[in-house]
Amino acid sequence: MVHVDGHTDFRHPGNSQRCASVAGEDLAAAVGMHWPAIADIDGMGPYFTPSRVVHIGHRDDDEEAEEAHRSLGLVISAGGAITTGPASMVSQVSEVAGEGYWLQVDVDVLDPTVMPAVDSPDPGGLDAEQLIELLDHLAPQAIGASVTVFDPDLDPDGQYARVVTDVIAKGLHRLGRDVLPLAEGHRTSWELE
């Protein structure tokens, strides 16, 4: 799994007594570090092996970042992602996550000057072009993707929905290109470009 998010979402019962919102706890749950009712549904947990999980995009003051660094295969802050650049990160991501990972994108990875229509906007995030470039490099080896946390109630005129649409259309247009087998005769959008 590659988790692109403005927060590590690594709060869990072992490091906090405030566990009440899975939105801030989902990555911990995904790697089996939460209550079994969340992290081991039908005995299927952990859903992702921690050493094969990559997180990109938290802010420097993220309270759970240190534990995420110790527990996950690779953790890169938003500042680190901006400094390193996506082309340099792709080989590191591939070494950890392998080929055929799930790509989870939380749009609060964007700086609030670009995307204030989220529940937890924090300064120091990526701009839209940086996120598009990052996703463009990550998408070809992903088997699927989810994009979350946009809050339309905070976007009455729809201007931020257009930002999210651009990020999805431009950043994920090559999703699965390098890993999904094509049915005979099937042509994809990237083959038609």
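The values are calculated or read from the model by the stated rules, or taken from the named source; none is laboratory data. None of the values given here were measured: they were computed from a predicted structure. In this analysis, Cβ positions are derived from the backbone assuming ideal geometry, glycine residues included, and neighbour counts consider all displayed protein chains. Just so you know, the surface numbers come from the protein's heavy atoms only, side chains and all, with ligands and any DNA or RNA stripped out. Shrake-Rupley method; radii C 1.70, N 1.55, O 1.52, S 1.80 Å.
Restricting to region 38-61, count the residues that are within 22 Å of residue 133 (Cα to Cα) and either part of a helix (DSSP H, G or I) or open to solvent by 40 Å² or more (accessible area, probe 1.4 Å) (or both).
Residues of region 38-61 that are within 22 Å of residue 133 (Cα to Cα), as a first pass: 53-60.
With the extra rule that they be either part of a helix (DSSP H, G or I) or open to solvent by 40 Å² or more (accessible area, probe 1.4 Å) (or both), the set shrinks to 60.
Within region 38-61, residues that are within 22 Å of residue 133 (Cα to Cα) and either part of a helix (DSSP H, G or I) or open to solvent by 40 Å² or more (accessible area, probe 1.4 Å) (or both) number 1.
Per-residue answers, yes or no, for (1) open to solvent by 20 Å² or more (accessible area, probe 1.4 Å); (2) of a type in the set (Val, Ile, Thr); (3) part of a helix (DSSP H, G or I); (4) on the phi > 0 side of the Ramachandran plot:
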position	(1), (2), (3), (4)
116	yes, no, no, no
130	yes, no, yes, no
136	yes, no, yes, no
139	no, no, yes, no
147	yes, yes, no, no
157	yes, no, no, no
162	yes, no, yes, no
173	yes, no, no, no
180	yes, no, no, no
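Take region 10-23 and flag every residue that is open to solvent by less than 20 Å² (accessible area, probe 1.4 Å) and either in contact (Cβ under 8 Å) with a residue 60 or more places away in the chain or assigned to a helix (DSSP H, G or I) (or both).
Correct list: 10 only.
Restricting to region 62-91, give me the number of residues that are of a type outside the set (D, E, K, R) and not in a helix (DSSP H, G or I).
7
Have a look at 107, 75, 96 and point out the one that is open to solvent by less than 70 Å² (accessible area, probe 1.4 Å), aliphatic (A, V, I, L, M) and closer than 18 Å to residue 140 by Cα. Can you show your working first?
Details: 107 fails: closer than 18 Å to residue 140 by Cα; 75 fails: closer than 18 Å to residue 140 by Cα.
Answer to the check: 96.
Residue 169 - would you say it is over 23 Å from residue 82 (Cβ atoms) and assigned to a helix (DSSP H, G or I)?
On the way: over 23 Å from residue 82 (Cβ atoms): no; assigned to a helix (DSSP H, G or I): yes.
The answer is no for residue 169.
Hey, does region 103-112 have a residue that's at pLDDT 95 or above, charged (D, E, K, R) and in a helix (DSSP H, G or I)? Explain how you work it out, then say what you get.
Within region 103-112, the subset at pLDDT 95 or above is 103-112.
Within this subset, residues satisfying the condition of being charged (D, E, K, R) are 106, 108, 111.
In the following step, the residues that additionally are in a helix (DSSP H, G or I) were identified as 108.
Yes, because at least one residue in region 103-112 is at pLDDT 95 or above, charged (D, E, K, R) and in a helix (DSSP H, G or I).
Looking at the structure I just gave you, is residue 94 touching a residue at least 24 places away in the same chain (Cβ under 8 Å), under 26 Å from residue 178 (Cα atoms) and among the hydroxyl-bearing types (Ser, Thr, Tyr)?
Working: touching a residue at least 24 places away in the same chain (Cβ under 8 Å): yes; under 26 Å from residue 178 (Cα atoms): yes; among the hydroxyl-bearing types (Ser, Thr, Tyr): yes.
Considered against the rule, which asks whether it is touching a residue at least 24 places away in the same chain (Cβ under 8 Å), under 26 Å from residue 178 (Cα atoms) and among the hydroxyl-bearing types (Ser, Thr, Tyr), residue 94 comes out as yes.
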